[in-house]
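Structure first, commentary second.
The values are calculated or read from the model by the stated rules, or taken from the named source; none is laboratory data. The model shown is predicted, which means the values in this text are computed figures rather than measured ones. Cβ sites come from the backbone with ideal geometry, for glycine too, and all protein chains shown count toward neighbours. Note: areas computed on protein heavy atoms with side chains; ligands, DNA, RNA excluded. Shrake-Rupley method; radii C 1.70, N 1.55, O 1.52, S 1.80 Å.
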Amino acid sequence: TQKGYEKKRSKLIRAYVPHPGGTFNTQSVLYSIFNMLKAPSKLRMLGDFCISVCGLDCIFLTRSIVFCVLFCVCVCVCAFLCMEGMSHRPFFAPPSAARFHRRRSSGTRDERYRSDVHSEAVQAVLARHVESKVAVPMPSKRRSLVVQTSMDAYTPPDSSSGSEEEAGPGDDMPGMEHWMTRPALLGPAHLGSTSSSSSSTQSGGSGNAGRLADSLAHTHLSHPHLKHSTPPDVTGYSSDSSHSHSHPHPNSERHIGTIARNTQKYGNAERMETGDGVPVSSRVSAKIQQLVNTLKMPRRPPLREFFVDDFEELLEVQQPDPKQRRPEGAEMLAVRGEALGVVTNWPPSLEAALQRWGTISPKAPCLTSLDTTGKPLYVLTYGKLWSRSVKLAFNILHKLGSKQEPMVRPGDRVALVFPNNDPVAFMVAFYGCLLAEVVPVPIEVPLTRKDAGSQQIGFLLGSCGVTVALTSDACHKGLPKSATGEIPQFRGWPKLLWFVTESKHLSKPPRDWFPHIKDANSDTAYIEYKTCKDGSVLGVTVMRIALLTHCQALTQSCGYTEGTRLKVLCISYLQSVMNMMHVISVPYSLMKVNPLSWIQKVYHFKAKVACVKSRDMHWALVAHREQKDISLSSLRMLLVADGSNPWSISSCDAFLNVFQSKGLRSEVICPCASSPEALTVAIRRPVEDSSQPPGRGVLSMQGLSYSVVRVDTEERLSVLTVQDVGTVMPGALVCVVKPDGVPLLCKTDEIGELCVCSVATGTSYYGLTGMTKNTFEVFPVASGGGLVSEYAFVRTGLLGFVGPGGLVFISGKMDGLIVVSGRRHNADDIIATALAVEPMKFIYRGRIAVFSVTVLHDERIVVVAEQRPDSTEEDSFQWMSRVLQAIDSIHGVGVFCLGLVPANTLPKTPLGGLHLSETKQLYLEGGLHPCNVLMCPHTCVTNLPKPRQKQPEIGPASVMVGNLVSGKRIAMASGRDLGQTDDNDQFLFLSEVLQWRSQTTPEHILYTLLSSRGAVSSSLTCLQLHKRAERVAALLLERGGLQEGDHIALVYPPGIDLIAAFYGCLYAGCVPITVRPPHPQNISTTLPTVKMIVEVSRSACVMTTAVICKLLRSKEAVATVDIRNWPPVLDTDDLPKKKSPALFKPCNPDALAYLDFSVSTTGMLAGVQISHNAVGAFCRSVKLQCELYPSREVAICLDPYCGLGFVLWCLCSVYSGHQSILIPPVELESNPALWLLAVSQLRVRDTFCSYSVMELCTKGLGLQTEALKARGLDLSRVRACVVVAEERPRMSLTHSFSKLFKDLGLHPRSVSTAFGCRVNLAICLQVRLCVCVCVCVCGTSGPDPTTVYVDMRALRHDRVRLVERGSPHSLPLMESGKILPGVRIIIANPETKGPLGDSHLGEIWVHSAHNGSGYYSGYGEEVLQSDHFTSRLSFGDTSTVWARTGYLGFLRRTELTDASGERHDALYVVGALEEAMELRGMRYHPIDIETSVIRTHQSIMECAVFPWTNLLVVVVELEGSEQEALDLVPMVTKAVLEEHYLIVGVVVVTDIGVIPINSRGEKQRMHLRDGFLQDQLDPIYVAYNM
């Protein structure tokens, strides 16, 4: 079992591990070594079988089955020593082993990419950057997010290099410690000791940067295109007595009336700590300025922008790079290998070879497996192999299923599932399948049900029709089992019958039964699986004739003769059987303990051929000093199986330099190239003449990126040294074609894909005809149009060229090809550069993945690596910075994302390798969970659309004439006329209406207040309200001593007391101001806003309840504000019993009725003056639009403090006489169904709510619809559900709400929106409904709201272009409703003030009797804002006075008609003018970007964006584990880039409830900005994109 194996393994290698008293503990070292050296794919064992049957000792580390198969079939009577599966006690003493482990323990990097020359080049490049190093802001990370890995779980990296030979000349370069101790060269950001950047006290430059950023904070959002003046910013005002207190920003409603949000988390800056726990102090603005300075530094010139936004489509016009190198050589000719010789005694097939040796030489050894001590464990002779294979073949054909219905027939596919330490069982199973004429499909042993890539393997098995899996007894016991002991079905796998192949489980065949031995034909011999770049798994079919021909070609090219001894590392089984070779298997588990074991076996068996990988040679270099008595003089051929890897040359050279003294000759090293499709492509032949040097070339990486071969010198930094992999295989024809498009022949100095025409290749991808045709049936075409050959070629997937003398050079693989901006880069080259960055041991065991993702019509490079467990935050960031510099300098390409994950967290293959496609998929899905991430979109994204160039404005007269000529009408619309139809219309003042109703209908109920349980807590009739208002007026006159026109602040919770106090102020002749009371749980933040409104409004008195009076006098309130300067506070719970002697009778309708104060989304406070005339006109307009009469009941779930919510709560019922059912939104926090249950139980037909209420019901009741239906909730009577909004209609929310409650009777047509806004956002910066402005409510008599789809790209240029639904870049806009009676609207140019045509984007101007009179500031500055309320057109109708709403929108005349028969004019609101962001010369609306961001990941609950110093800052709220925070950074950056063509500068990940919203559900983005810059958000993670 696995547990027993672990215990046994620990016992065996205990002698070679330092004792607990040493530096490392046993468990960590074992765990490190176990994961460092995983054996290659079990699939490759099939190929290795081919190389196992000659008597050669050959060390094999090949990956291609075919290569292995053919290599060993050709050799006769050779002893193969193969290191695949067992452990062996090393020949050196334990103390030396301990020293060896101390040197290698942190392995170091993946030795496939080892190159000392390249390491020198990387260090030299980084040394150049030290002098001009730019300070890069380090990300801020919450302490709980810092990786605290247990040191017991990993092998601690070592600070020393593996050996003296391993250290190259590059080690003399300044190391990381030296680089970090040069403060004069780094800039202020690197003087800090934390990962969150240096504070202003540590850095001489941070303070200035912070002051600069603070000054920019007050100037950046000023929009020069708005010519009208802005209202005064009164938020900075405070009395002299408040200077001694340090208040937070007082003008925010972030804690007031929040419906479904948690308490805000500002003010917790002390919790924000850096990676090592050092607290921070207001450093965010300095870091952003630091980032801006970094981005201003010059970088390589970008490519020509190939996006031209012509508002019709994005044209991709890629311009050629003037520096691009082009091939200059002649067209290459196909290279033919030597003729394949014919030997008379060659067996006609592999089965015939096995039969020959099994009967002629039954006692000849075929395969020797080693035990964990390195001693022979089992010797499989050819006689035993033949008999056991025959026995297995009989059982496969006759013992599975029944006689009438056998499970396996000849030609069927079966899976071979064997561990890599059991070569004997695998070899028997493979040849048993060949004898039974079934097709083996070797796969790795699945360890768990969720192995990386396991689902794709299952898909291959299913497509091949595999129903039986052959395995060994030990492997079967180790497979995961269910509770019943059965092997569960793995994810994506077909149902399999597991069949154990040990002889004791098999039946003996009859004596007269023999397998049918046929000559090699075109039947499929086996299927080798191949994992593609995208993670899909393909099955490469190899015919029996191809198998035999491949073995013959290998025999001829390697010059094997009978009697040669061959030693194989990683078993080559097929070729060995053909030539009666003796294979000795040396497993990787032994090599982990003793890397010299394969060399010792070469010496012990006097092997003449060894097959290894470059990694094995490097491991031997590390430990060679531990062994003295070895000699490699017997080797005639050292076959490097991964010779197609360009970086193998370094290991070959180093191995030769070290072991030349041990008898190794230079001509012995023979690299080869192979692929699953083409099997062996080329191999270097062993030569007797040592004076002939092998071929090698020093190529320019810049030339390689253009697929051009340019010879360079090794003195250059950006070069790649490659070695030849020999000549073409015998009987094969090779040419090089262009990798893309038509297979045209390349030129002699051009890099292309190698294609092979030979019998010894794969045949097809099983079951995939289309892909087979594109890969296995390629006909290369010459420049003249003629075919190179009449026979088809096979694409090898290898990139390279054919050099002088027919030598083949490989520069990379197609699977690792990354094309960025037309230049080709190889992933292996980039990995080699990253691994060469100091400190080289930073990456945990060299586990690094490089892949590309498509972003903005181009591929972008992503680097993901596992970092060492003991790495600090600063170490990680400094290493990432140096990697970016090295890759940019050497390869000339930028990295889009560089992520670091904790050790042992990337997905692995069953044999421990890195699963690239699974890693990429996790990155795309946001499931990597990195511990450090660095995005660099500014440096690598160079194909953004051209910034918009401001063109000279066309005069308003020209615009009007152009519209007339083109037949477009002026964008103007109006509601129906107002008329006096009822008795109450004769009254000019609302107080008179209340008195009239108290006399005519005294018992009519006007208001009903519901509690949180849905019960009626209180109600008011007309007479009761009149009497209570009289008593309030008496209180004001008696106790307050107030006079006519004094301002009264009404600080009440939502309820009837607020209504009575309002009308009491009107009765007393005072001006009421409704103020939201402070939040009891957050007085320190909400109380300053209350005091600010009281002071700015010049309130002479404050009226409130006894509970709030007590709250205002509490200790916490006294500590927050100075209450001594407050005006008198009156408690209205104890009203005088006598009424006022005389009620105030107003005489001027234009006099001030009340002040509407609110805090905008920009954090500024302002009040709008509402006159008595405006109140009457507004109430009359709403009454006509909504058909409000005394017999009607209306449910209102709105905050009653400002805007339309206040009008509906307090004013409309008195004017229209209908009953208002008041539902305080705060009660929905404890009972989300309160509103809907009240509407259902009271049978209300009309209801008003806010987006916050609708969102709370959608999220809180989404899973309770069935329960609500059981409680009798019925919404079928609802005629109008109006969402009161001061923004663009939220279509997604309204549609979700309608769809969710459709089953409860809610008709989708009943849900509509209302739009209103506060005039002139240039001051208030908040989308707010002013009772005096345009209000569009979807009424009952008008047509249904229409929806149009506009092009977002055109909106950025202030244009409207309608597109079809589903079109790219389409944005749905829903009509805001029917225009209210008495309202006129026109669309005007905000800069020229000229009228615009129909369907043109402009500012919405409104003319109405209920417009506001102006802003109230209390400082005599109202005249400065008169233009907001009294604007006139510069051309056309210049006499009409308009109010500027500050909103962008357009009018569109539809084909629908209203009740009067006129065509309906639909108004579409796009967004607030002053909340729009000017980036790259274009206008962006935050809601569009936020919508894109929220869609990127399911863990993003809410999002807000704002600009800062020309950078886009994105704040997202994370729902889930903090470990997911860093996953959001790449996804957010990518989404904004692709959908909006914007580069995100800063990504902030916070907890839920951090983004402040007001009572209407609107985000206060500017206050969020202030909180972010003042370090008050306590973010989980802050990423500064480069």
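Checking ARG824 against (1) surrounded by 22 or more Cβ atoms within 10 Å (Cβ to Cβ); (2) out of contact with any Pro (no Cβ under 8 Å at 6 or more places or on another chain); (3) assigned to a strand (DSSP E or B), which test does it fail?
The number of the failed condition is (1).
Quickly run through region 1243-1288 and pick out the residues that are surrounded by fewer than 17 Cβ atoms within 10 Å (Cβ to Cβ) and not in a loop (DSSP other than H, G, I, E, B).
Passing the criteria: LYS1259, GLY1260, THR1265, GLU1266, ALA1267, LYS1269, ALA1270.
Answer yes or no: is there a residue in region 599-606 that is aliphatic (A, V, I, L, M), in a helix (DSSP H, G or I) and open to solvent by 10 Å² or more (accessible area, probe 1.4 Å).
no
Can you find a residue that is closer than 30 Å to GLY979 by Cα and assigned to a loop (DSSP other than H, G, I, E, B) anywhere in region 1353-1367?
no
Go through (1) open to solvent by 10 Å² or more (accessible area, probe 1.4 Å); (2) more than 48 Å from the chain's Cα centre (by Cα) and name the single condition CYS1186 misses.
(2)
Per-residue answers, yes or no, for (1) over 30 Å from PRO945 (Cβ atoms); (2) under 49 Å from the mean Cα position of the chain (by Cα); (3) surrounded by fewer than 23 Cβ atoms within 10 Å (Cβ to Cβ); (4) modelled with pLDDT of 85 or more:
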site: PHE1450; (1), (2), (3), (4): no, yes, no, yes
site: GLY1461; (1), (2), (3), (4): yes, no, yes, no
site: MET1482; (1), (2), (3), (4): no, yes, yes, yes
site: ILE1487; (1), (2), (3), (4): no, yes, yes, yes
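Take the residues of region 923-935 that are part of a loop (DSSP other than H, G, I, E, B) and touching a helix residue (DSSP H, G or I) at 6+ places or on another chain (Cβ under 6 Å): which is nearest to MET1482 (Cα to Cα)?
Going through the qualifying residues, I end up with GLY926.
Which one is farthest from MET407 (Cα to Cα) among residues in region 367-395 that are among the β-branched types (Val, Ile, Thr) and without any contact (Cβ under 8 Å) to a residue 60 or more places away in the chain?
VAL379
Whether any residue in region 1526-1544 is assigned to a loop (DSSP other than H, G, I, E, B), farther than 28 Å from LEU1198 by Cα, aromatic (Phe, Trp, Tyr) and open to solvent by less than 20 Å² (accessible area, probe 1.4 Å) is what I want to check.
Yes, there is a match, as at least one residue in region 1526-1544 is assigned to a loop (DSSP other than H, G, I, E, B), farther than 28 Å from LEU1198 by Cα, aromatic (Phe, Trp, Tyr) and open to solvent by less than 20 Å² (accessible area, probe 1.4 Å).
With respect to the numbered conditions (1) in contact with a strand residue (DSSP E or B) (Cβ under 8 Å, 6 or more places away or on another chain); (2) open to solvent by 10 Å² or more (accessible area, probe 1.4 Å), which one is the sole condition not fulfilled by ASN1148?
Answer for ASN1148: the failing condition is (1).
Counting residues that are of a type in the set (Gly, Ala, Ser), which strands (runs of 3 or more DSSP E) fully inside region 636-688 reach at least 2?
So the answer is 669-675.
Quick test of your reading of the structure: VAL794 fulfils all but one of (1) aliphatic (A, V, I, L, M); (2) out of contact with any helix residue (DSSP H, G or I) (no Cβ under 6 Å at 6 or more places or on another chain); (3) assigned to a strand (DSSP E or B). Name the failing condition by number.
Going through the list (1) aliphatic (A, V, I, L, M); (2) out of contact with any helix residue (DSSP H, G or I) (no Cβ under 6 Å at 6 or more places or on another chain); (3) assigned to a strand (DSSP E or B), VAL794 breaks only (2).
Here is a check on your reading of the model: is SER889 open to solvent by 10 Å² or more (accessible area, probe 1.4 Å), in a helix (DSSP H, G or I), hydroxyl-bearing (Ser, Thr, Tyr) and under 18 Å from MET1586 (Cβ atoms)?
For SER889, the condition - open to solvent by 10 Å² or more (accessible area, probe 1.4 Å), in a helix (DSSP H, G or I), hydroxyl-bearing (Ser, Thr, Tyr) and under 18 Å from MET1586 (Cβ atoms) - is met.
Please find, within region 849-870, the residue that is nearest to GLY927 (Cα to Cα) out of those that are assigned to a strand (DSSP E or B), open to solvent by less than 10 Å² (accessible area, probe 1.4 Å) and among the β-branched types (Val, Ile, Thr).
The selected residue is VAL864.
Here's the yes/no breakdown for (1) charged (D, E, K, R); (2) open to solvent by 10 Å² or more (accessible area, probe 1.4 Å); (3) out of contact with any Leu (no Cβ under 8 Å at 6 or more places or on another chain):
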{"residue": "MET1501", "(1), (2), (3)": "no, yes, no"}
{"residue": "VAL1514", "(1), (2), (3)": "no, no, yes"}
{"residue": "GLN1523", "(1), (2), (3)": "no, yes, no"}
{"residue": "ASN1558", "(1), (2), (3)": "no, no, yes"}
{"residue": "ARG1565", "(1), (2), (3)": "yes, yes, yes"}
{"residue": "LEU1573", "(1), (2), (3)": "no, yes, yes"}
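Quick test for you: out of THR1265, THR1247, THR1258, pick the one residue that is at pLDDT below 90 and polar (S, T, N, Q).
THR1265
So LYS403 passes all but one of these: (1) open to solvent by 60 Å² or more (accessible area, probe 1.4 Å); (2) in contact with a Pro (Cβ under 8 Å, 6 or more places away or on another chain); (3) of a type in the set (D, E, K, R). Which condition number does it fail?
Result: LYS403 passes all but (2).
Can you tell me which of PHE842, PHE793 is farther than 27 Å from CYS940 by Cβ and either aromatic (Phe, Trp, Tyr) or surrounded by fewer than 19 Cβ atoms within 10 Å (Cβ to Cβ) (or both)?
Testing whether each residue is farther than 27 Å from CYS940 by Cβ and either aromatic (Phe, Trp, Tyr) or surrounded by fewer than 19 Cβ atoms within 10 Å (Cβ to Cβ) (or both) leaves just PHE793.
Within region 1392-1420, count every residue that is charged (D, E, K, R), at pLDDT 85 or above and within 42 Å of the chain's Cα centre (by Cα).
Qualifying residue count, region 1392-1420: 1.
With respect to the numbered conditions (1) part of a helix (DSSP H, G or I); (2) farther than 17 Å from LEU574 by Cβ; (3) of a type in the set (A, V, I, L, M, F, W, C), which one is the sole condition not fulfilled by VAL414?
(1)
Quick check on GLU328: is it in contact with an Asp or Glu (Cβ under 7 Å, 6 or more places away or on another chain), assigned to a loop (DSSP other than H, G, I, E, B) and open to solvent by 30 Å² or more (accessible area, probe 1.4 Å)?
yes
Okay, residues lined up against (1) part of a loop (DSSP other than H, G, I, E, B); (2) within 30 Å of GLY1045 (Cα to Cα):
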| site | (1), (2) |
| --- | --- |
| ARG1384 | no, no |
| SER1399 | yes, no |
| ASP1437 | yes, no |
| ALA1443 | no, yes |
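Mind checking which residues of region 583-598 are of a type outside the set (A, V, I, L, M, F, W, C) and open to solvent by less than 10 Å² (accessible area, probe 1.4 Å)?
Hits for region 583-598 are SER585, PRO587, TYR588, ASN594, PRO595, SER597.
Collect the residues in region 446-478 that are in a loop (DSSP other than H, G, I, E, B), modelled with pLDDT under 90 and crowded, with 19+ Cβ neighbours inside 10 Å, keeping them in residue-number order.
PRO446, ASP451, ALA452, GLY453
Test ARG1277 against the criterion of being without any contact (Cβ under 8 Å) to a residue 40 or more places away in the chain and farther than 22 Å from CYS1022 by Cβ, and give yes or no.
When the stated conditions are applied, ARG1277 passes them.
If ALA623 satisfies every condition in (1) out of contact with any strand residue (DSSP E or B) (no Cβ under 7 Å at 6 or more places or on another chain); (2) part of a loop (DSSP other than H, G, I, E, B); (3) surrounded by 24 or more Cβ atoms within 10 Å (Cβ to Cβ) but one, which is the exception?
(2)
Could you tell me how many of the residues in region 699-749 are buried (at least 21 other Cβ atoms within 10 Å of the Cβ) and of a type in the set (Asp, Glu)?
1
Using beta carbons and a limit of 7 Å, which pairs, at least six apart or on different chains, have the first residue in region 515-531 and farther than 22 Å from SER387 by Cβ and modelled with pLDDT of 90 or more and the second one assigned to a strand (DSSP E or B) and open to solvent by 20 Å² or more (accessible area, probe 1.4 Å)?
SER522/MET543; ASP523/MET543; THR524/MET543; ILE527/ARG413
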